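Below: the structure, in structure tokens.
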Amino acid sequence: MTSVRLRLLLFGTAVVCGSLFGAATDASAVVIDDFSTTTIAPTILTAPGASVFNDVGVAGVAGGDRTVTLSATMASSIVNGVGFGIGGGQLTYGSGPAADGAIGLSYTGAGLAGALGGAPLSILVNFLSFDDGFNLGMDVTVTVSDGTDTAQLTQSIVGSSPGPFTLSFALANFMNVGMVDLANLTSIDVDFEAGQGQDFVLGSITALVPEPGAVMVWGTVFLTAGLFLRRRRNKS
């Protein structure tokens, strides 16, 4: 009988709290990068190699700091180079038909964890368009770290999309995620391994984090259950 009453109590408390504070699965989107501002000029690499660019204290970036790493292989001329530009609410990446390349975005600002406002549930990479000229597929990898441990997930895009779409990276699916303190992240990296003739435009990178009401719901549920069990033990 006790277990039945406890289940009913938990259910009733969750329903009541949910009506007051919202469902336990409610989450809000937090901007990691809206690509609105940068100190980096549009750049094209025309020879094999890599370049690193730093944005410090820029608006529209969680924690304020963004590092961009651009690399190129098989780039023999400006026509067959790889390049990118940031501004106006988008990041644009392009590569020539005989150029392989990659671009990585790293967010390491001291205020990153505070800007997120909690442990993220998902990292969302929001594309405005993607052109895969040779259907090679492009790997996108998201890596999170708390300064000691890291967790990572890779997904692949094949084909082209002339319109917006989102690639969602659920933290629950990351390798080694249980080792990372998600509420105190020190870095979030998003890496794009692009092939020949692949071009894309990003609109933003965001994180889904639980809303405060959802946390309050379950805190109330378990507190109420604990008080119920204590009363049962005191009566017996």
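The values are calculated or read from the model by the stated rules, or taken from the named source; none is laboratory data. Because the structure is a prediction, the values reported are computed rather than measured. Counting neighbours? That spans all protein chains shown, and the Cβs are built from the backbone with ideal geometry, glycine included.
On the given criteria, is THR39 β-branched (Val, Ile, Thr), in a loop (DSSP other than H, G, I, E, B), modelled with pLDDT under 90 and surrounded by fewer than 17 Cβ atoms within 10 Å (Cβ to Cβ)? Answer is no for this residue.
Which of the residues that make up the stretch 100-145 are under 16 Å from ASP199 (Cβ atoms), among the aromatic types (Phe, Trp, Tyr) and at pLDDT 95 or above? Scanning the stretch 100-145 gives PHE127, PHE130. If the requirement is being touching a Pro at 6+ places or on another chain (Cβ under 9 Å) and of a type in the set (Ser, Thr, Tyr), which of these qualifies: THR73, THR38? Answer to the check: THR73.
Inspect all residues belonging to the stretch 74-81 and state whether any of them is in the same structural domain as GLN155 (by TED's automatic domain parsing) and under 29 Å from PHE174 (Cβ atoms). I'd like the intermediate steps shown before the answer.
In the first step, residues of the stretch 74-81 are kept if they are in the same structural domain as GLN155 (by TED's automatic domain parsing); the result is 74-81.
Restricting the remaining residues to those that are under 29 Å from PHE174 (Cβ atoms) gives none.
No - not one qualifying residue is present in the stretch 74-81.
The residue pairs whose first member lies in the stretch 153-180 and is more than 17 Å from LEU136 (Cβ to Cβ), whose second member is of a type in the set (Asp, Glu), and whose beta carbons are closer than 6 Å, counting only pairs six or more residues apart or on different chains, are MET179/ASP149; VAL180/ASP146; VAL180/ASP149. Scanning the stretch 186-200 finds no residues that are in contact (Cβ under 8 Å) with a residue 12 or more places away in the chain, assigned to a helix (DSSP H, G or I) and out of contact with any His (no Cβ under 9 Å at 6 or more places or on another chain). Looking across the stretch 90-109, the residues that are of a type outside the set (Ser, Thr, Tyr) and within 17 Å of the chain's Cα centre (by Cα) come down to GLN90, LEU91, ILE103, GLY104, LEU105, GLY109.
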